[in-house]
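Visitor: Dumping the structure here so I can ask a few things about it.
Coordinate-derived values only; no laboratory data. This is a predicted model, so every value here is computed, not measured.
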Amino acid sequence: ALLHGLAPRASEGMRVLDVGCNRGLLLLAARRLGWEPVGVELSPVAAAQAREATNAPVYADLAHVPRRGGFDLVVAWHVLEHTTDPITFLTRMKGLLARDGMLAIQVPSFEHADEFRRQGRLGSLVCAVHNLQFTKQTLSDTLRRAGFDVRSVVDADLMLTAVAEHPAQ
C-alpha cells in the first residue's frame, strides 16, 4: 500500500531505489509488485540480509548505484536527518531519478519535539546520529534548494513525509 501511495501511476517493471534499505522490506514489497528494486545500505550486515531476502542489488553508497535510465521512484525513509550535507545528498538522489521520477522522503518532525518528549521518545528525534532536524518549512526549503519541485509535505504521526520531483522542463 505504501508503494502504491507513493507511485500511483506505477506499472510492472518500474525501477525503485530504496536509500537506507536496511534489511530490504521495501525492496521485497517492490519485487512482489513486479518492480525492479535496488537498495543502498551503509551497514554491511543489513545490506547482506537485504540482498539475500530480495535478490536485489544493494550498494554501500549512492556513488556506486548505476543510473541506467534513472529510477521511477527513489525512497529515503529516515535517512536525511543522518546526513551532514542534505543539499548534496538530495542532489545525488535527483541525479538518479528518471526524467519523470518521484522522490519520497520521511523524517521525524521537529515541530513535535514536545510530543516526542511527552511520550518518552525524545531520543528518536534528538540523538547522536541525527545531524539535522526538520520542520515542514525547512524540509520543503531544503528540497527546493536541491532543485526539486515539492508536491507535498504531510505532517502526521510525528513524521514529515515529502514527495518531490524534477522541475517541469
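Visitor: Please list the three semi-axes, largest first and in whole Å, of the ellipsoid equivalent to the chain, using sqrt of 5 times the eigenvalues of its alpha carbon gyration tensor. Don't skip to the answer; put the middle values down first.
Guide: On the way: eigenvalues 123, 73, 45 Å².
Semi-axes, largest first: 25, 19, 15 Å.
Visitor: Between 0 and 90 degrees, rounded to the nearest ten: what's the tilt of helix 44-54 against the longest Cα principal axis of the chain?
Guide: 50
Visitor: Which of Leu103, Leu132, Leu17 moves the most in a Gaussian network model of the chain with Cα springs under 10 Å?
Guide: Leu132
Visitor: Add -39500 (n - 2.57) for each DSSP H run of 4 or more in the chain, then divide by its residues: what number comes out at 222 nm, to the nearest 500 deg cm²/dmol? Before the final figure, lay out each step's value.
Guide: Numbers: 6 runs with 51 residues, N = 169.
Helix contribution divided over all residues of the chain: -8500 deg cm²/dmol.
Visitor: Against the longest alpha carbon principal axis of the chain, how many degrees, from 0 to 90 and to the nearest 10, is the axis of helix 86-96 turned?
Guide: Taking Cα atoms only, the helix is inclined about 20 degrees.
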